[in-house]
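Peer 1: Before anything else, here's the structure in question.
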Amino acid sequence: MATLTINNAGKKYGSVEVLNDISMELNDGELVVLLGSSGCGKSTLLNMIAGLESISSGDIRIDGEIVNDIHPKNRDIAMVFQSYALYPNMTVAKNISFGLEMRGVEKEKRDELVNSVAKMLQIDHLLNRKPAQLSGGQRQRVAMGRALVRRPKIFLFDEPLSNLDAKLRVEMRHEIKKLHTSLKATMVYVTHDQIEAMTLADRIAILKGGVVQQFATPAEIYSRPANMFVAGFVGSPSMNFLPVTVAQQGNEIGVHLAVQYQGKSENQFVPMRNNDKLSQLLGREVILGIRPEMITQLENAEKDLATLHCDVEVVEPTGADTLCIIKLAGKDSIARVSPIHACAPGESMGFALDISRACLFDPVTEELIS
Amino acid sequence: MLDRLAERLPQIVVAPSFLLILVFVYGFIIWTGYVSFTKSKMLPVYKLDGLRQYTRLFSMDRWDVAYSNLFVFASLFIIVAIIIGCLLAVLLDQHIRAEGALRTIYLYPMAISFIVTGTAWKWMLNPSLGLEAYFQSLGWESFSFNWIVDKDMSIYVVVIAAVWQASGFVMALFLSALRSVDQEIIKAAYLDGASNTRIYMGIILPSMRPVFLSAFVILSHLAIKSFDLVVALTGGGPGYASTLPANFMYEMTFRRNQIGIGAASAMMMLATVAAIMIPYLYSELRGKKNG
Amino acid sequence: MANRDRLPGTDGKGRYIGRFLIYLTLAVFAIWYLAPLYVVVSTSFKDLAEIRGGALLSLPHEFNVSAWHKAWSQACIGVECTGLKPYFINSISMSVPAVLISTFLGSITGYALTKYRFRGANIIFSLMLFGCFIPFQVVILPMAQTLGMLGIANTVNGLILVHVVYGLGFTTLFFRNYYVSIPDDLVKAATIDGAGFFRIYWRIMLPLSPPIIVVTIIWQFTQIWNDFLFGASFTTGGAQPLTVALNNLINTTTGVKHYNIDMAAALIAAAPTLFVYIVAGRYFVRGLTAGSVKG
Ligand SMILES: Nc1ncnc2c1ncn2[C@@H]1O[C@H](COP(=O)(O)OP(=O)(O)OP(=O)(O)O)[C@@H](O)[C@H]1O
Ligand SMILES: [Mg+2]
């Protein structure tokens, strides 16, 4: 059980800056997900925590002790790789016990530990096989077993599920979550799959171009994204971004939305609450970020929501919900409605806008305007 | 402290091999280069003497013969070996029944030393008891094949034996490349109605440019280093009609105590190899980095 | 591999003539490749009178193995009439250690260069690679001097050193290209598991290496066994390797030429590498192509 602190850590390859001034603090037993698109430096950061890459600037501490110059084997960490990196020449049992052997654990003790971990992961019947004789899911379990058996202070996962098919991925995700709950270990988990991140994480750190964009709980990242990148990255389908101007109508402050209704362009005023903060923005151009589920059918919507009517261009049923593509403020926007209420493409229907949960972003800096 | 040492281990392990190469290859090249600018005869002397050894070298008919032989030999050897190797590879690629056995037969000369090859061909081609005598004794009185003792033709005998030895290797190279050509492209061409010949000439062979290049480089490297084959087959003769630069260098250095000229000729060989190998290796290493 | 034969090809008669021509060409070439072997083998079993009779391509009247005996233990090489036996032993005691040492060094160097990409690793590799392709004439002179200084001139040990040094580039190249395809994550995982440089080499890399070890050993053995230049340049008399002795035997100009002994001697010299080729031809070919398609 341990805490992990990263202070202003940076990484350069020659003159290329891959990571810039990363700071975060993990509490004991916390599972933090590093989320970001390909090439943003997630693996590099993980390798730095593990000690497989040197740290160019700043420091990393485990339990308060600086580990910058400590060899990986002495950091008491375990890592699960995307490719699993199972030793092809060793049996499953050997794979799991190799780390113990290197640390001088005695044979009987090793066997005992391997057996208990294998039982926990339900791979005890595979112990004498070679990795080549295992399925993808089984390899994944062995890789987990190799990490678990040492009971390290910190677990590192580098996209451990990305080589599995969709169904297995969901299953293993649940297992990792269960494991974390029962072990209460500190874990860093790298992924570029936002669903994995949302479901697993205690907190998520979103990386882009080597910089942390936001480090917060999944709920906060979803509802109060720090900037448009985060807002667009998390949630599927993505948040709609509508360029609007804050205006006043009567004594209400709100925004004008251009909509397409029965073939004609119409301007509708959507009032917003929170008047005192908004009044400072009066007349400014902002980006209104509104998630698809905040635009829904008029029927059985709450009473005090703003309403608008517009033409539906495309209809995409996804099963549980149906996505309607409509034009708002000149942009293709997605609304999420229940399948019973969806109209046919080309027709028009009424939508309720839960604008109180929408976010406003600065169009220049793309930062959230609180 | 121990961690520091452990971090340096890879370098420490590479160091001995690297030092060996540094001294025994690059150091020695510099040494030879230096000696080629001295008056060294039987023993190396270290007083610089300008380009005299090179002037002497270029004025020697023996070197002239050796160096122009190299070009005759190398170009014929490379072209013929590539043609034969390529032909055999394409033919073997036609679902031949005994492919395995034929491949074994075509390639076995590559396992043999050039000295053995030279011995065998020398025996077959000697005019008094070899093929010539054999065909004459069968009643083909006019049959004549005495190139091995003909000073204008003996270098071509070396070409024949060298092609015999190395063409199977070119075959193996091409065959493995043919087998890795994308089969979808070939199927698409069939569906477009292209004939077998057209497919080979128009699609497959042109796509094997890199293999041609490798074959060319390897063969030219073999050609420039060729030494033993000449020793065993013609002894450089008649006279010095079939010597190659490698033989020239050996003769000067070890037989005639002309170390300076030997060194100068070695440097000329190095320059010839470098002119071919450096661009090739450079592009190979480059290509790897980008690929 | 391909199912090209199931695709529509040429039809009918033309197809049969085409197939016939293909097989004919292949057969002619097979004869060309085999002819020297046949002539050498059959000559080695003939007696001198029969050879002088001039029937080069005919089978021997009776199988006479005396030439083989003589070549092995009696033929005169220079002034010593010991046959090839001592030289065969020289070649063995030269090749075996040289092959093993250069293979081992190549493997650990290749491992360090691929799995620990320290600064300068690429330059080191390029320099080693280019070292494979120099014409050895350019190092012979200083090598002769150095062997003298080290006190191993004209010895088998001297030749071992020479072959190790000039084989290193190739063995490193082979292993490097092989280890590049082994995932780096394996080494990272083992590092985290607590294994160090040598332990990872010993417990993980080496157990994965047998295919490339076989290829390298065969390649090196063929190269070293068949070498003539180094043997001829650095040894004389009793320290000569087999190829040099064979050449001396054949080019001896004194006395009657015993062609049958010459041919038997040539076959003795070729036997070990031919044996390896026939037993492990697959690996032999792989070595050739690996040595040519670089990087
Ligand atoms: N040895 C290196 N030299 C130079 N640049 C490197 C090196 N290793 C990685 N990089 C660069 O660092 C950046 C981050 O790489 P990293 O592997 O951490 O990405 P990642 O976020 O894990 O991506 P992915 O999701 O694809 O695994 C990339 O742009 C990569 O090109
Ligand atoms: Mg990664």
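The values are calculated or read from the model by the stated rules, or taken from the named source; none is laboratory data. Quantities reported herein were computed from a predicted structural model and do not represent experimental measurements. Cβ coordinates were reconstructed from backbone atoms using ideal geometry, including for glycine residues, and neighbour counts include every protein chain displayed.
Peer 1: Determine whether segment A:82-89 contains at least one residue that is within 16 Å of ligand 1 (Cβ to nearest atom) and small (G, A, S).
Peer 2: yes
Peer 1: Before we move on, is B:L2 at pLDDT 90 or above and surrounded by fewer than 19 Cβ atoms within 10 Å (Cβ to Cβ)?
Peer 2: no
Peer 1: Here is a list: C:A190, C:A266, C:A239. Which entry is within 26 Å of B:G236 (Cα to Cα) and modelled with pLDDT of 90 or more?
Peer 2: Unique residue meeting the criteria: C:A266.
Peer 1: Working only within segment A:91-113, note down all residues that are among the acidic types (D, E) and closer than 12 Å to A:V149 by Cα.
Peer 2: Result: A:E101, A:D111, A:E112.
Peer 1: Which count do you get for residues in segment A:33-49 that are more than 10 Å from ligand 2 (Cβ to nearest atom) and surrounded by fewer than 22 Cβ atoms within 10 Å (Cβ to Cβ)?
Peer 2: Residues in segment A:33-49 being more than 10 Å from ligand 2 (Cβ to nearest atom) and surrounded by fewer than 22 Cβ atoms within 10 Å (Cβ to Cβ): 1 in total.
Okay, residues lined up against (1) touching a Leu at 6+ places or on another chain (Cβ under 8 Å); (2) within 16 Å of ligand 1 (Cβ to nearest atom); (3) at pLDDT 85 or above:
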site: C:S42; (1), (2), (3): yes, no, yes
site: C:G53; (1), (2), (3): no, no, no
site: C:E80; (1), (2), (3): no, no, no
site: C:G83; (1), (2), (3): no, no, no
site: C:I101; (1), (2), (3): no, no, yes
site: C:I108; (1), (2), (3): no, no, yes
site: C:K115; (1), (2), (3): no, yes, yes
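Peer 1: Pick from A:S83, A:S97, A:S54: which is within 16 Å of ligand 2 (Cβ to nearest atom) and within 14 Å of chain C (Cβ to nearest Cβ)?
Peer 2: A:S83
Peer 1: Report the residue count in segment A:50-72 for those that are closer than 28 Å to A:R141 by Cα and touching a helix residue (DSSP H, G or I) at 6+ places or on another chain (Cβ under 7 Å).
Peer 2: Result for segment A:50-72: 6.
Peer 1: Also, quick follow-up: In segment B:131-168, what residues are facing another protein chain (nearest Cβ under 9 Å) and buried (at least 22 other Cβ atoms within 10 Å of the Cβ)?
Peer 2: B:A161, B:S167, B:G168
Peer 1: Might you let me know whether segment A:233-240 holds any residue that is under 23 Å from the mean Cα position of the chain (by Cα), outside any strand (DSSP E or B) and at positive phi?
Peer 2: yes
Peer 1: Out of the residues in segment A:1-14 that are away from ligand 2 (no atom under 16 Å from the Cβ) and crowded, with 17+ Cβ neighbours inside 10 Å, which is farthest from A:G209 (Cα to Cα)?
Peer 2: My answer is A:A2.
Peer 1: Just one of (1) surrounded by fewer than 20 Cβ atoms within 10 Å (Cβ to Cβ); (2) more than 10 Å from every other protein chain (Cβ to nearest Cβ); (3) over 14 Å from the mean Cα position of the chain (by Cα); (4) at negative phi trips up B:G239, so point out which.
Peer 2: Result: B:G239 passes all but (4).
Peer 1: Which pairs turn up if I take residues in segment A:149-170 that are away from chain C (no Cβ under 13 Å) and look for partners that are among the aliphatic types (A, V, I, L, M) and away from ligand 2 (no atom under 16 Å from the Cβ) with beta carbon separation below 6 Å, at least 6 apart in sequence or on another chain?
Peer 2: Listed pairs, sorted by first residue: A:L161/A:M172.
Peer 1: Related question: When segment B:170-223 is examined, which residues are found to be aromatic (F, W, Y) and either closer than 30 Å to C:L129 by Cβ or at the interface with another protein chain (Cβ under 10 Å from one of its Cβ atoms) (or both)?
Peer 2: If the condition is that a residue be aromatic (F, W, Y) and either closer than 30 Å to C:L129 by Cβ or at the interface with another protein chain (Cβ under 10 Å from one of its Cβ atoms) (or both), then B:F174, B:Y190, B:F212, B:F216 are the ones that fit.
Peer 1: Would you pick out the residues in segment A:24-49 that are touching a helix residue (DSSP H, G or I) at 6+ places or on another chain (Cβ under 6 Å) and either in a helix (DSSP H, G or I) or closer than 28 Å to A:M102 by Cβ (or both)?
Peer 2: A:L31, A:L34 - these are the residues of segment A:24-49 that are touching a helix residue (DSSP H, G or I) at 6+ places or on another chain (Cβ under 6 Å) and either in a helix (DSSP H, G or I) or closer than 28 Å to A:M102 by Cβ (or both).
Peer 1: For segment B:242-267, give me each residue that is free of Cβ contacts under 8 Å to residues at least 60 places away in the same chain, facing another protein chain (nearest Cβ under 9 Å) and either of a type in the set (S, T, Y) or not in a helix (DSSP H, G or I) (or both).
Peer 2: B:Y250, B:T253
Peer 1: Among the residues of segment A:24-34, is any more than 9 Å from ligand 1 (Cβ to nearest atom) and either among the polar types (S, T, N, Q) or at positive phi (or both)?
Peer 2: So far as segment A:24-34 goes, yes, one or more of its residues are more than 9 Å from ligand 1 (Cβ to nearest atom) and either among the polar types (S, T, N, Q) or at positive phi (or both).
Peer 1: Tell me yes or no: at least one residue of segment A:15-29 is within 13 Å of ligand 2 (Cβ to nearest atom) and over 19 Å from the mean Cα position of the chain (by Cα).
Peer 2: Checking segment A:15-29: at least one residue is within 13 Å of ligand 2 (Cβ to nearest atom) and over 19 Å from the mean Cα position of the chain (by Cα).
Peer 1: Return the total of residues in segment A:57-80 being away from ligand 2 (no atom under 16 Å from the Cβ), facing another protein chain (nearest Cβ under 8 Å) and in contact with a strand residue (DSSP E or B) (Cβ under 9 Å, 6 or more places away or on another chain).
Peer 2: 4
Peer 1: Looking at segment B:181-197, can you tell me whether even one residue there is surrounded by fewer than 21 Cβ atoms within 10 Å (Cβ to Cβ), aromatic (F, W, Y) and at pLDDT 75 or above?
Peer 2: Yes; the residues of segment B:181-197 include at least one that is surrounded by fewer than 21 Cβ atoms within 10 Å (Cβ to Cβ), aromatic (F, W, Y) and at pLDDT 75 or above.
Peer 1: Kindly indicate whether any position in segment B:201-209 is farther than 23 Å from B:I155 by Cβ, among the hydroxyl-bearing types (S, T, Y) and without any contact (Cβ under 8 Å) to a residue 60 or more places away in the chain.
Peer 2: Yes: segment B:201-209 contains one or more residues that are farther than 23 Å from B:I155 by Cβ, among the hydroxyl-bearing types (S, T, Y) and without any contact (Cβ under 8 Å) to a residue 60 or more places away in the chain.
Peer 1: I need the full set of residues from segment B:150-165 which are out of contact with any Gly (no Cβ under 8 Å at 6 or more places or on another chain) and either among the small types (G, A, S) or assigned to a helix (DSSP H, G or I) (or both), in order please.
Peer 2: B:I155, B:Y156, B:V157, B:V158, B:V159, B:I160, B:A162, B:V163, B:W164, B:Q165
Peer 1: Follow-up question, since we're still on this one. Working only within segment A:7-23, note down all residues that are within 13 Å of ligand 1 (Cβ to nearest atom) and farther than 30 Å from A:T181 by Cβ.
Peer 2: A:G10, A:K11, A:K12, A:Y13, A:G14, A:S15, A:V16, A:E17, A:V18, A:L19, A:N20
Peer 1: Can I ask one more? Out of the residues in segment C:70-89 that are within 25 Å of the chain's Cα centre (by Cα) and without any contact (Cβ under 8 Å) to a residue 24 or more places away in the chain, which is farthest from B:W123 (Cα to Cα)?
Peer 2: Here the answer is C:I89.
Peer 1: Against the conditions (1) of a type outside the set (D, E); (2) in contact (Cβ under 8 Å) with a residue 24 or more places away in the chain; (3) crowded, with 17+ Cβ neighbours inside 10 Å, where does A:Q213 fall short? Just the number, please.
Peer 2: Unmet condition: (2).
Peer 1: Pick out, from segment C:151-241, the helices (runs of 4 or more DSSP H) lying fully within it that include 1 or more residues that are away from chain A (no Cβ under 14 Å) and without any contact (Cβ under 8 Å) to a residue 12 or more places away in the chain.
Peer 2: Answer list for segment C:151-241: C:156-180.
Peer 1: Let me ask you something else. Output the number of the condition that A:Y222 fails; it satisfies all remaining conditions of (1) more than 16 Å from ligand 2 (Cβ to nearest atom); (2) hydroxyl-bearing (S, T, Y); (3) in contact with a strand residue (DSSP E or B) (Cβ under 8 Å, 6 or more places away or on another chain); (4) under 23 Å from A:E25 (Cβ atoms).
Peer 2: Here A:Y222 clears every test but (3).
Peer 1: More than 16 Å from ligand 1 (Cβ to nearest atom), within 24 Å of A:M24 (Cβ to Cβ) and more than 14 Å from every other protein chain (Cβ to nearest Cβ): is that true of A:M187 in this structure?
Peer 2: It is true that A:M187 is more than 16 Å from ligand 1 (Cβ to nearest atom), within 24 Å of A:M24 (Cβ to Cβ) and more than 14 Å from every other protein chain (Cβ to nearest Cβ).
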